[in-house]
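Inspection log for the structure reproduced underneath, given as structure tokens.
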2 protein chains.
Amino acid sequence: MKGRQLLMIPGPIEFTPEVLRAMGMSTTSHVAPDFIQVFGQALEQLRQVFLCPHGQPFVIAGSGTLAMDIAAANLIEPGDQALVVNTGYFSDRFATILERYGAAVTQVQAPSIGDAPPLEAVEAALKANTYKLMTITHVDTSTAVGVDLQSLAALGQNQGALVVVDGVCSVAGEEMHQEAWGIDLALTASQKAIGVPPGLALLVAGPRAMEAFRRRKSPVGNYYADWKEWLPIMEAYQAGRPSYFGTPPVNLIWALNVSLGQVLEEGMEARFARHRRLSEAFKAAITALGLKQVPVSPNRAATTLTAPYYPQGVGPELLGRANAAGAILAGGLHPAIKGQYFRVGHMGAVSASDILATIGAIEQGLAQSGYKFEPGIGLAAAQSILTQ
Amino acid sequence: MKGRQLLMIPGPIEFTPEVLRAMGMSTTSHVAPDFIQVFGQALEQLRQVFLCPHGQPFVIAGSGTLAMDIAAANLIEPGDQALVVNTGYFSDRFATILERYGAAVTQVQAPSIGDAPPLEAVEAALKANTYKLMTITHVDTSTAVGVDLQSLAALGQNQGALVVVDGVCSVAGEEMHQEAWGIDLALTASQKAIGVPPGLALLVAGPRAMEAFRRRKSPVGNYYADWKEWLPIMEAYQAGRPSYFGTPPVNLIWALNVSLGQVLEEGMEARFARHRRLSEAFKAAITALGLKQVPVSPNRAATTLTAPYYPQGVGPELLGRANAAGAILAGGLHPAIKGQYFRVGHMGAVSASDILATIGAIEQGLAQSGYKFEPGIGLAAAQSILTQ
């Protein structure tokens with residue numbers, strides 16, 4: 001036994017050796033010339049990974065929840081109307097955060113867990129009121145539901161709402177063209193498809209979002225989130241000048257720059273295609289094993305993770321068994337069905353071998369749980385796609 | 001040349017190889033049993049390092065500024081009276097943050113840059129009004145001013161104010177006994193004397209602070225800072241149970257636990273004494289070289305860093321020369337005197353050899369700047385203390 005399992009949860013994920021080496025490098029000063037250059041390069045590479053050449057990136061120490069908080073705190077003023085396209089746990093969270101800063105929130109709910117609101121319902125809601133912004137959860141990490149982001153963003157743009165995308169479980173994995181699709185702000189966290197250990201909130205704000213921020217009449221209610229403090233810092237790093245507000249997480253930013261370089265070396269289209277292919281292979285295995293998924297249909301399913309229901313007679317003990325067989329998986333997160341399903345992340349640097357090893361561990365866990373299936377049927381289903 | 005300079009700024013600092021190895025370890029799940037155990041142990045060790053056995057620790061992804069923001073957001077309600085004992089840049093910042101959450105802030109100003117407000121002035125201010133809390137900057141990173149924390153905290157306790165200490169540049173270096181000295185909340189950042197790369201906001205709240213939080217009538221205005229969300233998470237990790245709010249920065253927390261273990265292995269009293277001794281040696285060198293310091297007197301000077309004025313005829317070009325000679329130093333930060341002084345951090349894992357190497361680099365930089373002094377006089381002054 002190597003004594004280490006594959007980390008196949010929907011974040012943190014498996015990181016590349018180069019990223020981990022950057023994490024463990026001797027820390028330098030946050031105003032040292034080499035670090036200023038690295039930070040500036042990371043900001044430029046973020047624009048390319050988000051496919052938002054005219055965006056303003058923000059890299060701030062914190063979690064993905066902080067990224068959501070930053071978006072809401074800077075774009076919402078008390079009394080603003082906001083529309084939440086609700087696909088689960090993290091959409092609920094965005095609604096809570098928007099309300100914290102004084103927004104009047106309207107939600108378009110999905111018809112059921114595992115589904116997304118129909119485009120017509122979102123369009124009707126947008127036409128029934130004037131919203132300053134709308135939020136879309138590209139991939140809900142709790143249920144593996146992915147939405148038709150391009151169409152939803154177009155609806156928001158057409159009705160004049162700022163389009164804010166929670167891309168925590170999507171950016172650099174799930175296809176997203178921020179600028180071309182009219183997304184005014186997209187955000188993520190480092191430990192997801194972008195491939196860096198947890199600790200960075202990452203946002204790219206387009207010109208309309210920055211303009212809405214500049215036109216604020218009231219101060220931002222959250223000090224640490226305030227773009228008034230951070231914007232000059234990001235601009236200074238972009239321009240190669242030293243500056244200071246809060247000490248940046250030097251090692252994480254160094255690792256971010258390494259990872260973004262690897263993402264861009266693969267190329268965004270190739271990366272999206274690899275995520276689709278590995279996801280298809282993994283989901284084919286899950287289906288071949290007779291397990292259903294939380295998303296109600298394949299076009300509602302994300303490519304960055306899979307959320308299978310436990311089969312009859314099997315429960316969360318499967319996770320411990322898969323772990324012993326070599327793969328760390330995640331339990332359910334959506335409160336209403338928490339104990340009935342599990343989650344497998346397959347994003348970032350994940351390889352075909354990781355996918356097969358994970359399916360192997362799940363098959364072993366299922367067998368130990370007394371579930372009846374033909375051993376190897378999941379592996380074969382995946383392999384038939386991986387060998388295409 | 002090794003191609004790497006000593007990092008002698010007031011944070012980030014030089015980290016131990018064990019801490020850097022933990023940073024670069026393969027990341028595990030934030031709910032994996034081994035990580036839960038490590039996080040729980042880090043929380044318990046924080047209590048010991050802060051010398052606050054009955055405190056509630058919080059470890060949250062972010063910078064030291066976030067730690068200040070968390071303190072203010074959770075303890076201040078609109079209209080609360082707050083007193084700021086002002087010793088410079090970071091006291092100004094605390095006043096700004098307190099006001100952001102609706103506090104009416106009164107400041108007791110230091111008589112001059114490099115000084116601290118007299119105890120009598122603070123006592124008079126406390127008696128002239130009823131304050132919900134007072135803030136004290138233990139060490140102002142911008143000027144190297146250290147205050148008589150024990151006496152100031154006692155004044156606050158006597159007058160019934162919550163005593164909140166910004167210990168960003170002090171905790172685990174400068175002597176502080178949180179519980180014995182009546183400090184209701186102390187906070188720091190990972191990259192200072194606690195010895196972990198930047199990216200963690202660290203707080204320990206005593207029972208009176210937690211009680212004040214529980215008695216709040218209004219919600220916390222800052223979502224990411226809200227203890228209502230974080231307290232159950234810290235309690236879960238303490239109890240060895242999985243939980244989730246925001247994904248914790250796994251590698252940084254693993255490194256934190258390693259570093260706290262090293263701090264406690266040295267022992268708090270021995271650690272404070274080592275910081276005093278190395279500071280004394282470094283300051284003796286600065287004085288022997290004929291440089292004055294920003295703090296107006298030795299009993300206003302911190303032991304975690306030194307802020308010397310450039311001598312006549314020398315300016316910030318000294319930093320580049322010291323850098324080329326092997327030590328990264330920091331420029332001035334206090335806006336009023338920014339270009340007139342520099343800063344040298346000597347905290348955490350810093351050794352006597354690091355102190356000598358840094359003095360050596362400064363002497364070489366001074367010589368190249370045309371400053372007249374007897375080469376080695378600084379080194380000799382330090383060595384006479386280091387050999388005692």
Q.
If you fit an axis through the alpha-carbon atoms of helix B:149-158 and take the longest principal axis of the Cα set of chain B, what angle between them do you get, 0 to 90°, nearest 10?
A. 30
Q: Determine the percent antiparallel among the DSSP beta bridges restricted to the range B:162-249, to the nearest 5.
A: 60
Q. If you take the square roots of the eigenvalues of the alpha-carbon gyration tensor of the range A:85-155 and sort them as a ≥ b ≥ c, do you get rounded (a/c under 1.5), prolate (a/b over b/c) or oblate?
A. oblate
Q | Phi to ³J(HN,Hα) by Karplus 6.51 cos²θ - 1.76 cosθ + 1.60 over the range A:232-243, Hz, x for Gly, Pro | A | x, 5, 5, 5, 5, 4, 4, 8, x, 9, x, 6
Q) Most fluctuating residue of B:PHE245, B:PHE342, B:PHE213 in a GNM of chain B with Cα springs under 10 Å: which is it? A) B:PHE245
Q.
Give me the dipole magnitude in Debye, nearest 20, for the range A:17-266 about the Cα centre, with unit charges on the beta carbon: positive for Lys and Arg, negative for Asp and Glu.
A. 700
**Q.** Sequence-separation-based contact order of the range B:140-224, relative, with Cα cut under 8 Å and 6+ spacing, percent
**A.** 22
Q. Relative to the longest principal Cα axis of chain A, at what angle does helix A:119-128 sit, 0 to 90 degrees, rounded to 10?
A. 30
Q | Cα centre as origin, Lys/Arg/Asp/Glu Cβ charges: the protein assembly as shown dipole, Debye | A | 100
Q. Antiparallel DSSP bridges in the protein assembly as shown: what percent, to the nearest 5?
A. 50
(Q) Give me B:TRP227, A:TRP230 sorted ascending by neighbouring Cβ count inside 10 Å, so fewest comes first. (A) A:TRP230, B:TRP227
Q) What is the set of long-range amide H partners of A:LEU162 at a cut-off below 5 Å, with H atoms built 1.01 Å from backbone N? A) A:LEU133, A:MET134
Q: Classify the range B:310-365 as rounded, prolate or oblate, taking a ≥ b ≥ c as the square roots of the eigenvalues of its Cα gyration tensor: rounded when a/c is under 1.5, otherwise prolate if a/b is larger than b/c and oblate if not.
A: oblate
Q.
Please report, for A:ARG277, the nm distances (one decimal) from its label point, 7 Å out from Cα along the beta-carbon direction, to the equivalent points in the remaining copies, shortest first.
A. 6.2
Q. So how do A:ARG4, B:ARG215, A:ARG271 line up by other beta-carbon neighbours within 10 Å, fewest first?
A. B:ARG215, A:ARG4, A:ARG271
Q) In the range B:117-137, which residues have a backbone nitrogen under 15 Å from the label point lying 7 Å from B:ASN158's Cα in the Cα-to-Cβ direction? A) B:118-129
(Q) Only bridges whose two residues both fall in chain A count here: according to DSSP, what percent of them are antiparallel, nearest 5? (A) 50
Q. Which residue, A:HIS177, A:HIS54, A:HIS275, has the most motion in a Gaussian network model of chain A that connects Cα atoms within less than 10 Å?
A. A:HIS54
**Q.** Cβ-based exposure ranking for A:CYS52, A:CYS169, in which fewest neighbours within 10 Å come first
**A.** A:CYS52, A:CYS169
Q) Using a ≥ b ≥ c from the Cα gyration tensor of chain B (square roots of the eigenvalues), is it rounded, prolate or oblate, where a/c under 1.5 gives rounded and otherwise the larger of a/b and b/c decides, a/b for prolate? A) oblate
Q. Shortest first, in nm, what separates the label point of A:ARG215 from those of the same position in the other copies (7 Å along Cα→Cβ)?
A. 4.5
Q: Amide H neighbours of A:ALA104 under 5 Å, at least 5 residues apart or on other chains, H built in the peptide plane: list them.
A: A:GLY79, A:ASP80, A:GLN81, A:ALA82
(Q) Run the helix sum for chain B: -39,500 (n - 2.57) per DSSP H stretch of 4+ residues, divided by residue count, reported at 222 nm to the nearest 500 deg cm²/dmol. (A) -13000 deg cm²/dmol
Q | Contact order relative to length of chain B, as percent, for alpha carbon pairs under 8 angstrom and 6 or more apart | A | 24
(Q) Rounding to the nearest 10 and keeping the result within 0 to 90°, find how far the Cα-based axis of helix A:33-49 lies from the longest principal axis of chain A. (A) 70
(Q) If you take each beta carbon of peptide B:320-333 and count the beta carbons of other chains within 10 angstrom, what is the mean? (A) 1
Q.
Can you work out the Karplus-derived ³J(HN,Hα) for every residue in the range A:161-167? Use 6.51 cos²θ - 1.76 cosθ + 1.60 with θ = phi - 60°, whole Hz, and x for glycine or proline.
A. 8, 5, 9, 10, 10, 7, x
Q. When you look at the Cβ of every residue in B:99-105, what mean number of other chain Cβ atoms sits within 10 Å?
A. 2
Q) Given the options B:GLY378, B:GLY246, B:GLY206, which has the most mean-square fluctuation in a GNM of chain B, springs set between C-alpha atoms less than 10 angstrom apart? A) B:GLY246
Q: With an 8 Å cut-off on Cα pairs and a minimum separation of 6 or more residues, tell me the relative contact order of the range B:1-157 in percent.
A: 18
Q.
Residue by residue through the range B:197-202, what is 3J(HN,Hα) from phi via Karplus (6.51 cos²θ - 1.76 cosθ + 1.60, θ = phi - 60°)? Round to whole Hz and write x for glycine and proline.
A. x, x, x, 10, 8, 10
Q) When each copy gets a label point 7 Å from Cα toward the beta-carbon at A:ASN299, what are the spacings between them in nm, shortest first? A) 7.9
Q. Where along chain A is the Cβ that lies nearest the axis linking it to chain B, and how many Å separate them?
A. A:GLY24, 1
Q. Between the range A:297-314 and the range B:73-87, what is the C-alpha centre distance in whole Å?
A. 49
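Computed from the coordinates by the stated procedures, all read-outs in this text should not be read as laboratory data. Here the structure is a predicted model, which is why all the values come from computation and not from measurement. For neighbour counting, all protein chains shown are included, and Cβ atoms are generated from backbone atoms with ideal geometry for every residue, glycine included.
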